[in-house]
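Since every read-out is calculated from the coordinates, none of them should be taken as a lab result. Only a predicted model underlies this, so the values are computations on that prediction, with no experimental measurement involved. Note: ideal-geometry Cβ built from the backbone for every residue, glycine included; neighbour counts use all protein chains shown.
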């Protein structure tokens with residue numbers, strides 16, 4: 001009986017863990033009150049982000065502890081790469 005109990009408990013420990021339920025974030029709606037005219041027309045925009053921004057992970061630094069170390073939020077993600085989000089925001093602001 002104890003062997004059966006031990007085997008059943010061991011089997012439960014080997015079950016795959018559920019995938020995390022990520023909270024997805026974007027920049028939200030553009031507030032037209034904060035958009036300022038540049039004084040010259042822009043016809044197109046292309047954002048070229050740094051290579052370390054080529055993922056949807058949300059990164060942060062603890063400037064008071066280790067200012068050179070990037071860390072990642074476990075359960076939060078951008079809906080797209082940050083460079084794509086910035087480019088979309090710039091293009092939307094050009095239409096207003």
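As a proxy for reagent exposure, ranking 24, 94, 58 by other Cβ atoms within 10 Å from fewest up yields 24, 94, 58.
Model label points for residue 81 and residue 44, set 7 angstrom from Cα along the Cα-to-Cβ axis, are 1.8 nm apart. With both labels modelled 7 Å from their Cα along Cα-to-Cβ, the residue 69 to residue 23 distance reads 2.3 nm. Net length available on complete extension from residue 31 to residue 92 is 20.9 nm, with 0.36 nm assigned per residue and the Cα-Cα distance removed.
Among 48, 79, 86, which comes first, then next, by fewest other beta-carbon atoms within 10 Å?
By the 10 Å Cβ count, ascending, the order reads 48, 79, 86.
Among 73, 64, sorting on how many other beta-carbon atoms sit within 10 Å of each Cβ, with the fewest leading, yields 64, 73. The Cα atoms of segment 19-94 cover 42, 29, 25 Å along the three principal axes, with the biggest extent listed first.
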